[in-house]
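Here's the structure, in structure tokens; my notes come after.
The values are calculated or read from the model by the stated rules, or taken from the named source; none is laboratory data. The shown structure was predicted, so the numbers you read here are calculated from the model rather than taken from an experiment. Glycine gets a Cβ as well: all are built from the backbone with ideal geometry, and neighbour counts include every protein chain shown.
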């Protein structure tokens, strides 16, 4: 006699979401590969660009990261070596480090942006506008209880 485990809707949802997230991550990494940056480094660059020249410290960056487990210091170091970000010691607090995106970093994002926009649009194209809105709403609804655990 074989034991069968009935797959719950919750399990199906979680597995499908994890598979989809992994596929998305793989495709985004493929898009970023020619630019020699990881999706986590891309995330840091977008965070810094969004600050419009205002420097960020490591905590600011970490708080905004998509993958919270990323080693922000290591990511910033790699971006520094590539000339995509700049790091300065805060003049008012020598223990605080300020990170800004460089012009090279902004130019790199300008090259990547159209590729990402096209990818994002292709991802959602099988849904009509109302379905896409509902999909986003449902993801946010599911995310909130997880965030508060």
Applying the selection to region 51-107, what residues are assigned to a loop (DSSP other than H, G, I, E, B), free of Cβ contacts under 8 Å to residues at least 40 places away in the same chain and within 21 Å of residue 25 (Cβ to Cβ)?
65, 66, 67, 68, 69, 70, 71
For residue 103, all conditions in the list (1) at pLDDT below 90; (2) out of contact with any helix residue (DSSP H, G or I) (no Cβ under 9 Å at 6 or more places or on another chain) hold save one; what is the number of the exception?
(1)
Of the residues 37, 47, which is out of contact with any helix residue (DSSP H, G or I) (no Cβ under 6 Å at 6 or more places or on another chain), surrounded by 17 or more Cβ atoms within 10 Å (Cβ to Cβ) and under 19 Å from residue 120 (Cα atoms)?
37
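Residues that are surrounded by 11 or more Cβ atoms within 10 Å (Cβ to Cβ) and at positive phi: does region 117-130 have at least one?
Keep residues of region 117-130 that are surrounded by 11 or more Cβ atoms within 10 Å (Cβ to Cβ), which gives 118-120, 123-124, 127.
Next, from what is left, pick out any that are at positive phi: none.
Among the residues of region 117-130, not one is surrounded by 11 or more Cβ atoms within 10 Å (Cβ to Cβ) and at positive phi, which makes the answer no.
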Would you check if residue 43 is closer than 27 Å to residue 24 by Cβ and under 18 Å from the mean Cα position of the chain (by Cα)?
yes
Would region 77-85 turn up any residue that is modelled with pLDDT of 95 or more, in contact with a strand residue (DSSP E or B) (Cβ under 7 Å, 6 or more places away or on another chain) and loosely packed, with under 15 Cβ neighbours inside 10 Å?
yes
